[in-house]
Each structure stands twice: as structure tokens, then as C-alpha cells.
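First comes the structure, then the notes that go with it.
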Amino acid sequence: MGPKAKKSGDKKKKITKTERLKQLQEEEEKRQKEEEEARLKREKEDLEKLEIKRIENEKWQQLEAKDLERRSEELEELYFLECCYPKAEKLKQDIRLLSQWKHYIQCDGSPDPSIPQEINTFISLWKEEINETFEEVVEKSKLVLNLIEKLKLILLETPSYDLQDKTIKQYQTSILELQELLHLKFNIATEILLRQASTLADLDSGNMEKIIKDEYVTLYVWANLKKNPRYRSVRFSETQIGFEIPRVLATSDIALRLLHTHYDHVTPLRPVPAPLNVKHTPIITEVVKEEEKSAVDPSTSKEVQEGSKQQENVSISADEEEVKVEEEGDVELQKSAVAEDLEATKYQMEMKLLSETVLAAQLLLVENAQEKPEYFEKNEVDLCQFTILGGVYHLDILELPPQCKPVKGWMIVEIPKGGLKKYIYPPETTEDLETENVFPPIEVMLQVQENVIFFEEPMVARWDLEGKHWRTDGISNISYNSEGRLVTFSLETFGPVTLIQDTHINMPYQSWELRPLQANEVLLTVTTVFTEIQIKIKENLCMLASVKLKDKEHCSTLQGKWMTPITFIIALKEVGLNIFPSGYSHFYVVINNKVPLVELNAYRQMALLSSSFAFGWSRWNLRCDSNKVIFKVTEHLTSEPIPHSSWVLLMFSGDRAQRLKISEYSEVYSEALKDETEFHSTLFHLVKDFSSEEAIEKIRSANCQFIDSVCQMLLSTRLLSYS
């Protein structure tokens with residue numbers, strides 16, 4: 001039996017109209033009450049915000065006033081600390097002079113390349129030497145290369161305001177003459193060697209093969225004596241280096257030469273930057289001259305004038321004579337004091353001028369070129385974008401000279417006029433319509449220099465003698481064996497060939513860190529997409545500490561070698577470890593460009609603090625404006641690893657430094673000042689607020705050459721813009 005039906009009394013009671021109106025009235029009153037409460041709450045919050053803002057503004061104004069009050073004092077102290085830069089420059093000048101003096105007293109017979117008469121005499125005497133063997137030329141080339149490097153270093157290391165246009169042109173002319181003469185000597189020595197090809201022939205093949213290896217030059221030469229049409233694969237003994245030649249060459253009186261120079265004397269010299277226009281020099285010179293005049297003529301001194309007037313009115317008596325002697329003694333003392341003051345003034349002016357010129361030279365390193373490089377033709381290599389690595393491979397097909405013939409105990413040889421002649425391949429004029437079949441491209445196999453690092457497959461370029469530039473056309477079938485470091489390609493016509501790599505392959509950097517080690521020694525670590533490079537900086541020297549490729553240690557020939565900063569930078573570039581932007585690099589790399597003066601001031605002050613503080617890359621540096629830089633910093637006086645929690649963030653705008661409230665791991669970017677901190681005019685005075693006395697004392701006692709070297713490396717890497 002189913003459930004009983006519900007009674008009608010159980011149904012929901014209907015709401016009357018009166019009750020409905022009452023309910024709506026209550027809801028309206030509740031809504032109005034909530035709105036009123038929300039309005040009051042908003043007003044209260046707004047008032048609280050205004051009060052907080054007012055308090056913050058008052059606090060900020062107090063900080064502004066405090067900063068303004070001590071600003072001149074802080075800048076004066078910073079100026080005193082930055083005197084290390086002109087002092088370091090003065091030491092560099094003294095070292096350059098001392099180097100010249102050491103060369104002079106050494107009397108080892110080698111010329112001083114900076115003296116035109118000596119270098120010209122050396123060139124003339126070497127031109128007169130004849131019948132030198134290739135080994136003798138190679139030995140002499142060490143001196144020649146040393147002279148060239150010295151001249152290049154003089155042009156790079158000597159500040160532009162110390163170089164005259166005439167001197168620059170003279171040095172560049174000497175470099176070109178030495179380069180041309182060296183290559184000429186190699187050609188003459190090759191000709192002498194090829195005249196003896198028949199006496200040096202291999203017993204098995206009947207052809208001549210010769211390999212001469214040295215530190216900077218390697219010669220591979222093969223002479224086709226048998227002219228066997230089936231002998232078309234030329235491989236030099238115990239190497240994979242060689243050629244695949246066509247039939248027309250296999251049956252010709254030719255020699256193949258591969259002269260691998262580990263240097264590049266083919267690419268034209270780049271222009272040296274124009275000298276700095278130092279407007280203060282004549283003004284300071286005039287002031288010094290006026291003071292010198294004042295020192296020479298005592299009548300310009302007020303005290304001396306008074307002494308002179310007294311001397312004119314005295315009589316010749318014993319007492320008066322004694323007074324006169326005393327007054328003359330005072331004059332001598334005054335002269336001495338004036339001379340001492342003049343010397344001090346001259347020194348101050350010299351250091352002030354030197355400081356301004358050093359600052360101007362440093363600023364040039366962070367200022368970008370305003371115009372894009374010149375237009376390049378199709379297939380022409382842009383040497384602002386690409387770098388030549390591993391030297392130059394001079395590939396030549398040579399006409400085999402007449403061979404030596406033994407006659408009655410004598411060796412007779414015909415010496416044709418014009419010296420070594422090149423075999424033209426392919427011929428400039430030919431009636432054969434199937435030229436490509438008769439004169440096909442020649443396959444070449446080259447060994448990559450061991451100490452050079454290619455992060456990608458190397459590109460091959462050939463020298464265009466007419467256009468005086470490198471080109472990538474006329475080269476095909478390029479392949480690279482990274483394990484064997486062997487490059488194979490086909491070449492339409494022989495000539496100088498080189499390997500190139502993107503100059504900016506390691507830019508922008510992923511991160512960086514500058515950490516103090518011992519006294520006057522720091523470690524700079526730069527991490528890129530392909531590598532991690534560690535550089536030690538100690539006093540006025542730099543050293544490659546380690547290189548990691550794909551998280552594995554790479555052994556470089558540069559490791560453990562201390563060099564001056566400029567020499568070190570050149571050496572790193574030559575092995576493919578380029579982390580040094582040029583004035584044109586911003587055209588080829590997307591960078592976080594900062595205002596040059598802000599960047600310069602940051603590097604100079606970071607270098608001042610580098611003996612006691614570690615600095616590091618911050619991701620927030622990308623977020624701030626171009627007129628500000630942000631980086632991590634922490635006091636670091638031990639050899640222990642730096643804990644992540646010890647880093648603090650600093651923001652610097654060139655004339656104001658402050659600690660940030662955010663950390664490296666904050667979710668939102670903010671430039672808010674950290675609680676209970678103040679801002680200062682310099683980084684030095686900011687870190688004083690949270691550093692130890694030991695750290696500050698270490699900063700004050702740091703070696704000026706060390707600070708200058710750190711600053712130079714920071715300016716050269718431009719970490720704040722290229723990471």
C-alpha cells in the first residue's frame with residue numbers, strides 16, 4: 001500500500017505583500033549600511049595612504065636633504081680615491097720609458113722599432129742578404145714578428161693624446177714594410193728550396209715533399225717531378241693535409257705550396273683612433289708658465305717687494321747690514337717656499353689633466369659608434385661582424401723552376417729572371433668550351449690550428465687581391481670534422497684562404513661575477529651560451545684561469561700566462577674567446593644599452609671596491625632604465641664560497657647609489673629603497689653603511705695598478721650592457 005498523501009497544511013506558507021515590502025526595505029537598509037561602511041573604509045584607507053605617502057615624502061625629503069648636505073664631501077673623497085687612475089697612467093708612462101731604456105742598454109743587436117732610423121736600417125740590411133734557406137728565414141721571422149708586435153702594442157697601449165699623426169703613420173708604414181719583406185723572403189726561400197726538388201725526391205713516388213714546422217709558420221710543399229696523370233691525390237706525410245688535383249695539374253711542371261702563417265699579414269691594418277682633443281692642455285700650460293715667471297722674478301711677490309723697499313732706505317751700518325742679511329735670508333726662504341708650492345701646483349695640475357684625459361679615454365671604450373659600418377658587397381666578409389681565426393693559409397700553384405744538375409762535380413742551376421712564378425689556374429684565356437671539366441675546382445684539406453676554438457663550424461673565406469678584402473664565393477663543398485679538426489672544401493682558384501667565425505658568438509653574456517681573491521687580486525667569471533671563462537687580474541696583469549666548454553674543462557695554451565691587459569685581450573681574441581665588444585658591436589648584438597657616462601662611473605667605482613666586495617649579474621638590470629644599472633654586491637674577505645643569501649641589490653645612476661628593497665628572487669620589479677637605508681652619491685659611501693672596517697681599509701690600501709687593470713677589463717667587456 002503506497003504512502004499517504006500530504007495534508008494541505010504542510011504546503012509552504014505564502015508571503016504576504018506587507019511582509020514582502022518589509023523584507024525589501026530591510027535589504028535596502030542593509031545595502032545602504034554596507035555601502036556606507038565601504039565608503040568610510042575607503043576614506044579611511046585613502047587617508048591612511050595619504051598619511052603614509054606624506055610620511056614617505058617627508059622621509060624622502062629628509063634623505064634628499066641629508067644626501068645634498070654630504071654630497072660635496074662624498075664626491076671629494078671619491079675624487080681622492082679615483083686619483084689611482086692618473087697614478088696608474090703615470091706608472092704606465094714610466095714603464096714605457098724604462099722599456100726603451102732597457103732596450104738601449106741591452107745592446108743585443110735588435111733594432112728599436114719605435115726609432116725610424118733603426119728599423120729602416122734593419123729592413124735595408126735584410127734586403128741585401130741573399131741565398132737564405134727557408135729554415136734561416138723562419139728563424140729570422142721570429143725577430144721580425146716580435147718587432148711588428150711591439151709596434152702594434154705601442155699603437156694600442158700608448159694613449160692617443162701621446163701619439164702624433166706623423167708617428168702613427170711612421171709605425172704603420174714600418175709594420176707594412178716588415179710584413180711585405182717577410183713574405184718576400186718566404187717566396188725567395190721557397191724558390192731556392194724548389195731548385196733542389198730533384199735532389200730531395202721521394203724514392204717511392206719520385207716527387208718531392210717537404211714539411212718545415214715552426215712556432216708561427218708551417219710550410220708544406222710538393223713538387224710534381226714525375227708528372228704521373230694517375231697521381232692526383234696529394235697527402236703530406238703523417239697528416240691529413242693535402243689536395244685532390246685535376247689531370248691537367250698532375251701532368252704539369254708545377255709545385256703546390258701551403259704556407260700556413262699563424263698570424264694575419266694579409267688583412268689591411270685598421271685605422272688607429274684619432275687623438276683625443278684635450279682642450280685643457282694649453283690653459284694649464286699657460287698657468288704653469290705664469291707661475292714659473294712668478295717664481296723667477298721675486299718682485300712679483302708682495303713680501304719680496306716690501307723687502308726690496310726696505311733695502312733701498314737703509315744706510316751702510318753694521319746693525320743695518322745684519323738686518324739686511326736676515327732679510328735676504330727671508331727672501332731665499334720665500335723663494336724656496338714659492339718653488340715648492342710651484343712644484344706641488346704643477347704636480348696637481350699634471351695629475352688633474354691626466355685624470356681628465358684618462359677619463360676621456362675610458363669614456364671612448366663605452367661610447368658606441370654613431371654610424372653603421374660601410375656597405376659591403378655580396379659575399380664580401382664584414383670584418384666588424386666576423387673574426388679571422390687560426391692565421392692565413394697561403395695556397396699557391398707554382399711553376400717548377402729549373403732543377404740543379406751535377407756537372408763534373410759541380411751543381412749547375414739556371415736562375416730565371418723574375419723569381420718565383422705562379423702557375424695561373426684556371427688560365428685567364430682559353431678556347432675550351434668545357435672549362436669546368438678541364439679545370440675543375442681543387443679539393444683542399446686543411447688542419448685547424450690546435451689552440452683556436454670554433455664554437456660552430458668555421459666559415460672559409462678567400463682573399464680578393466683586386467678588391468683588397470675577404471670573400472666567401474668561389475668556395476664550395478665545405479665540411480668540418482671537429483674531432484680531427486680538419487676542414488675540407490673545393491676552391492676554384494688558389495690564393496690566401498682563412499677561417500672565420502662570428503665575432504659576437506659569445507655575446508650577449510648570460511651572467512658574470514667579479515670576486516676578490518687575495519690582496520690586489522680578483523677573479524672575473526663571464527658565462528656565455530657556449531662557454532664559461534674565468535680571468536684572474538693581479539696588479540697590472542691578467543691571466544686566463546680556466547675555460548669550460550659544455551661544462552667540461554678545456555685546456556688552453558693561454559692558461560697560466562700573465563699578460564698586460566691589452567696583450568691579454570688580443571691573445572683571447574686570437575684563439576676565439578672574444579668577450580670584448582667593439583664600437584660597432586651594438587649593430588650586431590641585441591644589447592641592454594646603458595648611458596655611457598653611467599656605465600663608465602659604475603665600472604670605475606666597482607673597480608675601486610673590488611678588493612673587498614664581490615659583484616654579480618642581476619636579472620633586474622634588464623628592467624631598469626638606460627640611465628640606471630642594477631647589480632648584486634656583497635662583502636667578501638675570505639676564500640669561502642659566496643652564499644646566495646648574502647647578496648644585496650644596488651641601483652646606481654652615476655651620481656646616486658641606493659639599496660633596493662627587492663631581492664634577486666622577488667616576483668615584481670620595484671625601485672623602492674630598502675627599509676632603514678639611505679642613498680648616497682657614490683657606491684663607496686653606500687657600501688660603507690653595511691661593511692666592516694677591515695673591508696674599507698682594504699679598499700683604501702689597494703694598489704693603483706690593480707684598480708686600473710680591473711677597471712680596464714670591466715670597460716673592455718662592458719658587462720652591464722652586454723649581459
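Readers should treat all values here as calculations from the given coordinates under stated rules, not as data from a laboratory. These numbers were taken from a predicted model, which means no experiment stands behind them. Please note: Cβ atoms are built from the backbone with ideal geometry, for glycine as well, and neighbour counts cover all protein chains shown.
Output needed: Cys residues of the chain lacking any neighbouring Cys C-beta below 4.7 Å, sorted by number.
C83, C107, C384, C404, C542, C555, C624, C711
Over 24 Å between Cα atoms, which of K142/K548; K421/K468; K213/K552; K594/K661; K59/K674; K92/K548 qualify?
K142/K548; K213/K552; K92/K548
Using only the alpha-carbon atoms of segment 71-170, report the extent along each of the three principal axes, biggest first, to the nearest angstrom.
Per principal axis, max minus min of the Cα coordinates gives 73, 27, 23 Å.
So what does log10 I(q)/I(0) come out to for segment 500-555 at q = 0.28, 0.30 Å⁻¹, using the Debye formula with one equal point on every Cα and no solvent?
Treating every Cα as an identical point scatterer, log10 I(q)/I(0) equals -1.12, -1.16.
Can you tell me the relative contact order of segment 186-258? Whole percent, Cα pairs under 8 Å, sequence separation 6 or more.
26 percent
If each Cα of the chain is one equal point scatterer, what is log10 of I(q)/I(0) from the Debye formula at q = 0.06, 0.08 Å⁻¹?
-0.56, -0.83
Using square roots of five times the C-alpha gyration tensor eigenvalues, list the equivalent-ellipsoid semi-axes of segment 513-670 in whole Å, biggest first.
Computed over segment 513-670, the values are 26, 20, 16 Å.
How large is the charge dipole for the chain, taken about the Cα centre, if only the Cβ atoms of Lys, Arg (+1) and Asp, Glu (-1) carry charge, to the nearest 20 debye?
The calculated dipole for the chain is roughly 4800 debye.
For the chain, what does the relative contact order come out to in percent, with C-alpha contacts under 8 Å and a separation of six or more?
Value for the chain: 12 percent.
Given a Förster radius of 45 Å and the C-beta distance between W410 and L153 as r, what FRET efficiency does 1/(1 + (r/R0)^6) yield to the nearest 0.05?
Calculated transfer efficiency: 0.35.
Can you compute log10 of I(q)/I(0) for segment 374-482 with the Debye formula, treating each Cα as one identical point scatterer, at q = 0.10, 0.15, 0.20, 0.23 Å⁻¹?
Here the Debye-derived log intensity ratios amount to -0.51, -0.92, -1.24, -1.41.
Describe numerically, in nm with one decimal, the distance between label points set 7 Å from Cα along Cα→Cβ at S198 and at Y161.
About 6.8 nm, to one decimal.
Please sort by residue number the chymotrypsin sites (Phe, Trp or Tyr not before Pro) in segment 661-723 whose DSSP state is loop and whose Cβ has at most 15 other Cβ atoms within 10 Å.
The qualifying sites are Y665, Y669, F690.
Take the Cα pairs of segment 642-723, get the Kirkwood Rh, then feed it into Stokes-Einstein at 25 °C and 0.890 mPa s and tell me D in µm²/s.
So the translational diffusion coefficient is about 166 µm²/s.
Go through S205, L184, L544 and say which Cα lies farthest out towards the positive end of the charge dipole of the chain; charges sit on Cβ, +1 for Lys and Arg, -1 for Asp and Glu.
S205
Sort out for me the Cα centre separation of segment 667-683 from segment 372-407, rounded to whole Å.
57 Å
If I stretch the segment between E132 and K548 completely, what's the gain in nm (0.36 nm per residue apart, minus their alpha carbon distance), one decimal?
That works out to 145.3 nm of additional length.
Relative contact order for segment 633-677: what percent, with Cα pairs under 8 Å and sequence separation of 6 or more?
25 percent
What is the distance in Å between the Cα centroid of segment 217-256 and that of segment 576-647?
54 Å
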